[in-house]
Amino acid sequence: MKNFLIKIVILFGKILGPIFYKKKFLRGKYFDLKDPAFGWHGWLWVLEGIWIQKILGFNRRFPVPMHHTFKLGSFENLHMHYDNMDNFQSPGCYFQNPDAHIKIGRGTIVAPNVCIITRNHNFKNFDKYEESKPVEIGKNCWIAANAVILPGVTIGDNVVVAAGAIVTKSFGDSCVIGGNPAKVIKDI
């Protein structure tokens, strides 16, 4: 029965997906039917997204299937690999990037409620903003739940950002960082 339902999801996803989403985003490991572990998940996200995004209107303006509680400032200023489309399914995330870029390397996992912020309010006048600064996250990183990454931060490859960490400065490759403010807990 499960295999039959998966085939139905894939069939309807492939038919309806390109009508509602840009075809160039309907690829990668979550849409590749040669991968039985992941290959059908993207098509399920397409069907859920058609209802939640396109009909009900949550995140309607974005060209990829996205969880209804995911908040993204600018799709054009977000750069990540197609194999990372699962990050859009992580609930409660907030990527604030109206005029600076966020780059996320291939294989990086973003857990629920992660905030990546490219600009802050001016401390003397909260109605104004400071200058935006880009955020770059390397390949094969894990950004655990409730982590916050602030403007101008660069994180290297193979980094684990612990749950609840507040990342205020840049870090190199292959380490675990955590705390408030984040610091290196150990090298990996």
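List of remarks:
- Here the simple spin-label model places points 7 Å from the Cα toward Cβ, and for Phe38 and Ser74 these points are separated by 2.8 nm.
- In Å², nearest 10: area of Lys103 left accessible to a 1.4 Å probe: 90 Å²
- Accessible surface of Leu33 - all protein chains present, 1.4 Å probe, nearest 10 Å²: 80 Å²
- Seen against the Cα atoms of the chain and their longest principal axis, helix 2-20 is set at about 70 degrees.
- Å² per residue, accessible surface of the chain at 1.4 Å: 54 Å²
- Heavy-atom accessible surface of the chain: percent carbon and sulfur, 1.4 Å: 58 percent
- Shape summary: the stretch 1-152 maps onto an equivalent ellipsoid whose semi-axes, from the alpha-carbon gyration tensor, are 31, 16, 12 Å in decreasing order.
- Over the stretch 120-188 - Rg/Rh using Cα atoms and the Kirkwood inverse-distance radius: 1.04
- Other residues whose C-beta falls under 15 angstrom from the C-beta of Gly172 contribute a net charge of 0, scoring Lys and Arg +1 and Asp and Glu -1.
- The lysines whose alpha-carbon is closer than 29 Å to the alpha-carbon of Lys54, local same-chain residues fewer than 8 away aside, are Lys2, Lys7, Lys14, Lys22, Lys23, Lys24, Lys29, Lys34, Lys71, Lys103.
The values are calculated or read from the model by the stated rules, or taken from the named source; none is laboratory data. Computed from a predicted model, the values in this text were never measured in an experiment. Every residue, glycine as well, gets a Cβ built from its backbone with ideal geometry; the counts of neighbours run over all protein chains shown. To get the accessible areas, we keep the full protein, side chains included, count just its heavy atoms, and leave off ligands, DNA and RNA. Shrake-Rupley method; radii C 1.70, N 1.55, O 1.52, S 1.80 Å.
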